[in-house]
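All remarks here apply to the structure that follows.
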């Protein structure tokens, strides 16, 4: 016969102490060992109820503590026990496990946390402490699909904001190569949607597996409830890799700038002619060959490269170069040839994806050793108006 039991004040305090100080595994064992064959009245604490069934089949033979964690979450959700934001954060910290040691992933929706466990975080360095939660995310499908099959999988940067951020942080030190995610993104101007080439994607995955740990809280609720909980956790923790919903993130602008830089490189470096069926040609020599042959205005800009180089050398004072309209109209068929092109510390810093004229000029200048020496430091702006006047200024 199932026995009902109302917890008194002392037992409730003891229960809370076990939960807070000893962790999920101890919490479950506490119920098994102290409340065998007892069913808690849902009107009291609304927590563990059927543990005595598992105890009868000798639950002790199961050694994986994450089985208990998932069981615990399921029972709490089943009986409507609402944990506070602080309690959930505490739970996530206690469940932290290195990715390389994680054997199973939950197949339920919920909230996941990523922890940094490496020695030195890229760019931000000592501002990121070891075992710090650096990202909070939600999944409305499962942890298996979001963490195992997206965030920690090669080639998935286009679908993972975490991978975009980490790739942007590693971009210069690891010499990663950002590329457009697919042809439709390029054509429709979705310039923030980028990924990395095959070699770079593997570098990102390896870094994540070796430097990150994760934990998960099962929360099979509605989409709005899951998002609300995610928002509350981000507001409490201010994780450095969360850009959205995180106004108090001190590194938000820096991270956004690094991501924008990678996106700009991706969409300025490649033209539609070398994006075939949504895939980027990986061989660098092939890319360069394709771009040179397909860029309508490359030969035209090569003719003016020496003059432009001299203007760049003297750009502390605005330089003006008069070009011929016939040269452009005989090469292409555009309503307007005007554009703005900016280089910051040797890298194109503005979006020129919509201008083939600017894109081909950038390509020609980036291939010039003399120009690279000039623009490697400083901010240069090259502007051509509808009268084909090319103005070059060092800002």
What FRET efficiency comes out for residue 238 versus residue 304 if R0 is 51 angstrom and r is the Cβ-Cβ distance? Round to the nearest 0.05. 0.55
Provide the packing ranking of 259-268, 204-213, i.e. peptides ordered by the mean count of other C-beta atoms within 10 Å per residue, highest first. 259-268, 204-213
Could I have the simple spin-label model distance between residue 330 and residue 245, label points 7 Å from Cα toward Cβ, reported in nm to one decimal? 5.9 nm
Sort 216-222, 313-319 by packing, meaning the average of other beta carbons within 10 Å per residue, with the highest value first. 216-222, 313-319
With label points built 7 Å along Cα→Cβ from the Cα atoms of residue 350 and residue 223, find their separation and express it in nm. 3.8 nm
Based on the mean of other beta carbon atoms within 10 Å per residue, what is the order of 300-312, 123-135, most packed first? 300-312, 123-135
Nitroxide proxy distance, nm - points 7 Å out along Cα→Cβ at residue 376 and residue 317: 2.7 nm
The FRET efficiency for residue 140 and residue 104, from their Cβ-Cβ distance with R0 = 22 Å and rounded to 0.05, is 0.65
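Readers should treat all values here as calculations from the given coordinates under stated rules, not as data from a laboratory. Just so you know, these numbers come straight off a predicted model, no measurement behind them. Don't worry about glycine lacking a Cβ; one is built from the backbone with ideal geometry, like all the others, and counts go over all protein chains shown.
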